[in-house]
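Asks: One structure, pasted below without further comment.
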Amino acid sequence: MKQHFSRWLNAVAIVIALMLWGCAGAPLAVDPIDPGQNPQDAIEELGRQIERAGHNQVDVLSPTWFQRARSTYARARQDVESNAPPEEILKNIAIARAELQQAEVVAIRSRDQLAEAIESRNAARSVHAQQFGREYDEVESDFLKLTRAMEDNEFEYARKRSPKVVEAYRALELRAIDQAALGDVRELLQNAADAKVPQMAPKTFLEAQETFRQAENFIVANRYDRAGIKEHSDRARFLARRSLVIAATGRRLQQMTPEDIALWMETFLFQTTSRLQTQDQRNTSFEEQQDHILSTVDGILSELTLARKSVEDKNLLIQKMTGRLAEMEGEAQQVMLEHQRLAVENRFNELFFQVQGYFQAQEADVIRQSDQMIIRLKGLRFPVGGASLQQADQELLNKVQRAILTFGAPEVIIEGHTDNTGAPEKNRALSKQRAESVKQFLAQRYTLPLEKIATVGHGDTRPIASNETSEGRVQNRRIDVIIQPSRTESP
């Protein structure tokens, strides 16, 4: 009986040794765990270690060893759930620890030998190159071949093939940057071509195409110049939209008689002179009417300049008097702080009214709440039960981007809200997903750094109208964009 048991132990030992044989043929050193340790505590700590390793990219820098550690960890968890003997559980935990340690060692080697490939991979992922699906997966597969080569000590293989992987990741990164900056412009130009804009407005369409090509070339040469990329993409986007407007106007004019065209143009000039409250000039040529309008505007600007100068002089006098008073009363600091507060509050009011003018009534409500501004978006149209943005939402969200940038670099909170239809947990999750969709739209257009945009899903917990009526439920299904200006812009 003893001899049979001894042979069984030897067989088990051989199997374990084979299981622990390393990728390059070296046996894995396993440090035993104190038999008195609580298996539940040990497995929870191992789970945290594996999670930290994943965050540190060990899963891709040493994929084989990391996967082995996870598999052994899973077996240990099964042992716990099936009430296996503690020594069996601790044995698997010890093996998983050793496998994870080996993965960490290989990861250090990979970071040293594959630094450029890792850097190019991180750069590609930071601009969402994963969106290219199969093409990204192919490059990722080649990268994992490099890290598996590091596990097998095949350093020459990794050295020779690493430059190709670097080049492939950088190409995907560039493509993702181009897509984020110019994807919508490319679509606008394609729509214009489909609508025969080149035939109706060849000059403006050609200018838009050339500006688009210049933007593409700029991105190729300056992929990390965010300000420059935004400037070039904004210009290309402007001209693409302008070509559509010019073509639409041209088609309209084709349907009009010469007299109707003249009357139409006259209407624009007359509306301007009426707003300026000047004499009706419609009995003069268009050129004379334009000269009259420009002359009137120049006069208004001159008066405005004089008024500003007067205000500046008065402000200067106020400052002198304030300083004098502060010296006399010993309250210079309080006066200065109050002056600054009023100046900041006036500035906030100016920006608030400016942002109000960006939106039409059916698009959004702009609300001031203490030192914050809330843009309550009414014009977004999410699909039922979905969180994806629609093409029609882009114009409204571009206005939101403009409103945010009006305040420089504020803090932004995007709140999602729903009505009370459906389960509260689902509503909360859906509202959070919709807020995240708006955040990603703004982040992809370099509105603000990601860390300055927070998202919250409130579900149906903060209604602004009764959920008993369809009109009230429509009001409650909304996105609130809360802008907290910087201290210099906040009252």
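Read-outs: derived from the displayed coordinates by stated rules, not from any lab. Source: prediction; values computed, not measured. Positions of Cβ are backbone-derived with ideal geometry, glycine not excepted, and every protein chain shown enters the neighbour counts.
Asks: According to the square roots a ≥ b ≥ c of the eigenvalues of the Cα gyration tensor, what is the shape class of the range 378-469, taking rounded for a/c under 1.5, prolate for a/b larger than b/c otherwise, and oblate for the remainder?
Replies: Details: a/c = 1.98, a/b = 1.75, b/c = 1.14.
Cα axes put the range 378-469 in the prolate bin.
Asks: Could you calculate the FRET efficiency of S388 with N315 from 1/(1 + (r/R0)^6), where r is the beta carbon distance between them and R0 is 51 Å, rounded to 0.05?
Replies: Working: r = 51 Å, r/R0 = 1.00.
Efficiency, rounded to the nearest 0.05: 0.50.
Asks: Can I ask one more? Tell me, what ³J(HN,Hα) does each residue in the range 273-288 have, in order and in whole Hz, if you take phi through Karplus 6.51 cos²θ - 1.76 cosθ + 1.60 with θ = phi - 60° and put x for Gly and Pro?
Replies: Coupling constants for the range 273-288: 5, 5, 5, 7, 6, 10, 5, 4, 10, 5, 8, 10, 5, 4, 4, 5 Hz.
Asks: Continuing with the same structure: So, by mean Cβ neighbours within 10 angstrom, what's the order for 96-107, 51-62 with the highest one leading?
Replies: Details: 96-107: 21.9, 51-62: 17.3.
Listed from highest to lowest mean packing, they are 96-107, 51-62.
Asks: Please enumerate, by chain and number, the aspartates and glutamates with C-alpha under 19 Å from the C-alpha of K160, excluding those fewer than 8 residues away in the same chain.
Replies: The qualifying aspartates and glutamates are D112, E116, E119, E138, E140, D142, E151, D152.
Asks: Set the Förster distance to 51 Å, then compute FRET efficiency between T284 and Y224 from the Cβ-Cβ distance, nearest 0.05.
Replies: Values: r = 55 Å, r/R0 = 1.08.
With R0 = 51 Å, the Cβ-Cβ based efficiency is 0.40.
Asks: How much length would be gained if the chain were fully extended between S486 and S295, taking 0.36 nm per residue of separation minus their Cα-Cα distance, in nm to one decimal?
Replies: Values: separation 191, 0.36 × 191 = 68.76 nm, distance 3.99 nm.
Computed gain between S486 and S295 is 64.8 nm.
Asks: Could you run the Karplus curve 6.51 cos²θ - 1.76 cosθ + 1.60 with θ = phi - 60° over the range 239-256 and give me ³J(HN,Hα) per residue in whole Hz, x for Gly and Pro?
Replies: Those phi angles translate into 6, 5, 5, 4, 4, 5, 5, 4, 5, 5, 5, x, 5, 5, 5, 4, 8, 10 Hz.
Asks: Also, I was wondering about something else. Roughly how many nanometres apart are two label points built 7 Å out from the Cα toward the Cβ at R381 and R242?
Replies: With each label point 7 Å from Cα toward Cβ, the separation is 3.0 nm.
Asks: Which percentage, to the nearest 5, of the DSSP beta bridges contained in the range 346-491 is antiparallel? Spell out each step's value before the answer.
Replies: Numbers: 18 of 24 bridges.
In the range 346-491, approximately 75 percent of DSSP beta bridges are antiparallel ones.
Asks: Multiply the residue separation of N349 and A115 by 0.36 nm, subtract the distance between their alpha-carbon atoms, and state the gained length in nm to one decimal. Walk me through the numbers before you get to the answer.
Replies: Numbers: separation 234, 0.36 × 234 = 84.24 nm, distance 5.07 nm.
Once the chain is fully extended between N349 and A115, it gains 79.2 nm.
Asks: Which order do the peptides 202-213, 303-314, 351-362 take when ranked by the mean count of other beta-carbon atoms within 10 Å per residue, highest first? The partial results should precede the final answer.
Replies: On the way: 202-213: 17.1, 303-314: 10.0, 351-362: 14.3.
Ranked from most to least packed, the peptides come out as 202-213, 351-362, 303-314.
Asks: Residues with amide H under 5 Å of A364's amide H, sequence separation 5 or more or different chain, H placed in the peptide plane at 1.01 Å from N; which?
Replies: It is K378, by chain and number.
Asks: How many nm is it between the label spots at Q214 and R462, if each spot is 7 Å from the Cα in line with the beta carbon?
Replies: Calculated label separation equals 4.4 nm.
Asks: How high is the FRET efficiency between W264 and R134 when r is their beta carbon distance and R₀ equals 41 Å, given to the nearest 0.05?
Replies: Working: r = 53 Å, r/R0 = 1.29.
The value I calculate is 0.20.
Asks: Please report F348, F66 as a ranked list, fewest other C-beta atoms within 10 angstrom at the top and most at the bottom.
Replies: Values: F348 19, F66 26.
By the 10 Å Cβ count, ascending, the order reads F348, F66.
Asks: Once you place label points 7 Å from the Cα toward the Cβ at Q40 and K164, how far apart are they in nm?
Replies: For the pair Q40/K164, the computed spacing is 5.3 nm.
Asks: Sticking with this structure for a sec: By how many degrees, between 0 and 90 and to the nearest 10, does the Cα long axis of helix 202-221 differ from the longest principal axis of the chain?
Replies: 40
Asks: Turning to a different aspect of this structure: Roughly what angle does helix 155-194 make with the longest principal axis of the chain, taking Cα atoms, 0 to 90 degrees, to the nearest 10?
Replies: The two axes meet at around 30 degrees.
Asks: Restricting to the chain, what percent of DSSP beta bridges are antiparallel, rounded to 5? Don't jump to the answer; show the numbers that get you there.
Replies: Numbers: 19 of 25 bridges.
Approximately 75 percent, going by the DSSP bridge assignments.
Asks: Would you mind checking K378/K439; K399/K426; K399/K439; K378/K399; K196/K230; K399/K452 for any pair whose Cα atoms are more than 21 angstrom apart?
Replies: Numbers: K378/K439 17 Å; K399/K426 29 Å; K399/K439 14 Å; K378/K399 13 Å; K196/K230 28 Å; K399/K452 18 Å.
Flagged as over cut-off: K399/K426; K196/K230.
Asks: Report, in degrees rounded to the nearest 10, the 0 to 90 angle that the Cα long axis of helix 63-81 makes with the longest principal axis of the chain.
Replies: Approximately 70 degrees, to the nearest 10.
Asks: Shifting gears a bit: Test of understanding: extend the Cα→C-beta vector of L325 to 7 Å, then name every residue of the range 271-311 with backbone N under 11 Å from that spot.
Replies: none
Asks: Ok, one more. Name the residues of the range 413-431 whose amide N is less than 17 Å from a point 7 angstrom out from the Cα of T469 along the C-beta direction?
Replies: Answer for the range 413-431: 419-420.
Asks: Given axes a ≥ b ≥ c from the Cα gyration tensor, I'd like to know whether the chain is rounded (a/c under 1.5), prolate (a/b larger than b/c) or oblate. Walk me through the intermediate numbers first.
Replies: Numbers: a/c = 2.49, a/b = 1.95, b/c = 1.28.
Since a/c reaches 1.5 and a/b is larger than b/c, the shape of the chain is classed as prolate.
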